[in-house]
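Participant: My questions all concern the structure below.
Just so you know, all these numbers are worked out from the coordinates, no wet-lab data involved. Keep in mind the model is a prediction, meaning the values are calculated, not measured. Cβ: placed from backbone, ideal geometry, glycine included. Neighbour counts: every protein chain shown.
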Amino acid sequence: MSEQKPSQDVEGIVRRAPRQDYFEALIWGRYKKMSEALKVPKNTVASIIRKWKKFGTTKTVPRAGSPAKLSNRGRRALVREVTKNPMVTLTEL
């Protein structure tokens with residue numbers, strides 16, 4: 001389905017085509033029904049559907065950047081150790 005171009009008024013003001021408005025309202029109406037059934041906002045439904053269409057999954061996709069130096073388990077161990085002995089140096093850890 002090709003995207004319809006906006007039409008122009010006599011004054012030269014660009015506006016969207018009525019057909020596009022109709023389909024957009026139809027789609028948002030379906031999103032509204034889904035959001036009411038799931039008790040989540042419409043934008044949440046829209047973003048989940050957008051994510052599914054783009055990535056094929058609703059799971060969080062990996063982001064760019066290097067991985068964390070410490071895992072959650074390592075971070076908790078470090079906090080425990082420093083809590084026990086606040087004067088410990090980095091080399092002693």
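Participant: In nm, to one decimal, how far is the Phe55 label point from the Thr83 one, both placed 7 Å along Cα→Cβ?
Facilitator: So the two model labels end up 3.3 nm from each other.
Participant: Can I ask one more? Sort Met87, Met34 so the one with the fewest other Cβ atoms within 10 Å of its own Cβ comes first. List each step's numbers first, then the result.
Facilitator: Working: Met87 6, Met34 16.
In order of increasing Cβ crowding within 10 Å: Met87, Met34.
Participant: Check cross-link reach from Lys53 to the lysines: straight Cα distance under 18 Å, and skip same-chain residues fewer than eight apart.
Facilitator: Partners within reach: Lys42.
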